[in-house]
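Reviewing the structure listed below.
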Amino acid sequence: MIEIFIILIVIFLLFIFLTTRKYQKESLSNNIYSAEYYRGLNYLLNDEDDKALKIFTDLIDVDSSTIETHLALGGVYRRRGEFDKAILIHQNLLSRPKLDKGIKNQTLYELGKDFFSAGLYDKSEKILHNLQNNKSYEESCSEYLLLIYELSKDWDSAIKLTKNIKKQKIRNLSINDLISQYYCEKANEYQKDNQLNKAITVLRKAININDSSRRPYSMLFKLNIQSNPSSALDNLLNLMQMDSSFLVILSNEIIELSTIHQDKEIDKRISNIILQFSNENQFSPQIYEFMFNINGYSSPDEYVNKTTNNVFTDIFDNLYSQKSMISNESKTNLDLLKLISENFLTYNCSNCGHSVRNHIWQCPSCNHWETFKPNTISDRVAIND
């Protein structure tokens with residue numbers, strides 16, 4: 001009920017403003033007109049859309065000043081999630097034979113947003129694509145069209161449109177950053193179809209257009225794990241130089257590389273990368289096990305000192321005292337570390353704060369790319385407490 005009252009207040013204020021702006025004096029006909037207008041609102045609020053639209057249509061014929069109120073009303077309904085009502089209002093306006101061109105374009109834009117919000121992307125794309133040629137709507141239509149292409153996974157259209165956009169940035173990403181992400185999405189589709197060579201080719205395009213993006217290096221690392229371990233390690237090294245948090249994000253894949261090849265030189269390179277780029281509070285129990293198994297106590301000790309900030313001092317002292325990862329007590333302690341590190345590990349969007357359990361590349365809340373970071377080991381302990 002509160003939301004309905006708010007809508008009525010908004011519409012009432014808009015109505016008063018628009019009518020008083022045009023008319024200096026009230027007349028009997030205006031009173032009748034106002035009564036009809038509120039009767040139409042009452043029908044709309046009570047889901048009697050056909051009756052409401054008939055009244056609104058008649059009112060538009062009486063006075064075109066209500067058009068702006070209709071636009072505002074449609075926007076209110078779209079924000080409330082009542083897309084059918086918003087669409088009906090805007091389609092009704094477009095049905096008027098003598099609609100001003102500026103108002104028509106504005107109404108088309110609002111209708112395009114209605115269809116987008118309702119998930120009717122084909123209809124939205126058609127309207128926004130035609131309206132994009134109008135300079136007043138070029139920028140906003142392009143951003144909506146990009147979202148449509150992203151949601152429908154039409155990466156070729158997204159790349160083509162992005163290359164023609166005049167803005168320097170979209171959603172805080174440069175144009176090259178965005179195109180790089182779209183190439184990565186194409187590579188992901190090639191990988192699903194087992195077209196690995198095409199995937200690698202497209203990922204190299206992504207790096208060429210934006211060599212500071214972390215994603216193509218991460219994807220190349222995963223693609224090369226089985227067939228080309230040396231290239232995989234090169235990709236991993238490049239990635240760590242940009243963002244060492246990927247030691248946590250890719251910890252399972254790093255262990256997979258070692259497990260598949262059983263090669264001392266590969267293990268040595270992995271160990272060197274781990275020790276070079278491990279940072280405070282970015283602990284991974286999988287990496288700890290790996291370091292323990294290949295190098296004994298000295299490497300885990302150095303790794304622990306770099307990554308835990310003494311958060312788990314007692315547990316690690318206990319592990320070291322066992323002198324073996326096979327003992328029951330050591331296994332219990334390691335299981336506890338895994339519980340804290342994995343069960344309370346989340347990834348948080350640096351732009352909007354949205355939290356997910358598994359690492360992803362695009363935030364579903366704000367649609368920004370490459371914004372998820374793993375929480376620290378201290379964060380996980382705080383959650384556990």
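Only the coordinates and a few stated rules stand behind these numbers; no lab work does. Since the model is a prediction, treat every value here as computed from it, not as a measurement. Quick reminder, even Gly has a Cβ in these numbers, built from the backbone with ideal geometry, and neighbours come from all protein chains shown.
Assorted remarks:
- Ranked Met291, Met219, criterion: other C-beta atoms within 10 Å, fewest first: Met219, Met291
- Selection from Ile209, Tyr190, Met242 lying farthest towards where the dipole of segment 187-251 points positive, charges on Cβ: Tyr190
- Going by neighbour counts of Cβ atoms within 10 Å, the residues Ser258, Ser117 line up, fewest first, as Ser117, Ser258.
- Cβ-defined net charge surrounding Asn176, 11 Å radius [Lys, Arg +1; Asp, Glu -1]: 0
- Built amide H within the under 5 Å cut-off of Arg214, gap 5+: none
- Annotation for segment 120-191: trypsin sites (Lys or Arg not before Pro) lying in DSSP loop with at most 14 further Cβ atoms inside 10 Å of their Cβ are Lys135, Lys153, Lys166, Lys167.
- Greater than 30 Å apart at Cα, pairs in Lys153/Lys373; Lys101/Lys186; Lys135/Lys373: Lys101/Lys186; Lys135/Lys373
- Per-residue Cβ neighbour counts within 10 Å put Asp154, Asp47 in the sequence Asp47, Asp154, beginning with the fewest.
- Reduced Cα scattering model of segment 63-187, Debye log10 I(q)/I(0), q = 0.13, 0.20 Å⁻¹: -0.57, -1.08
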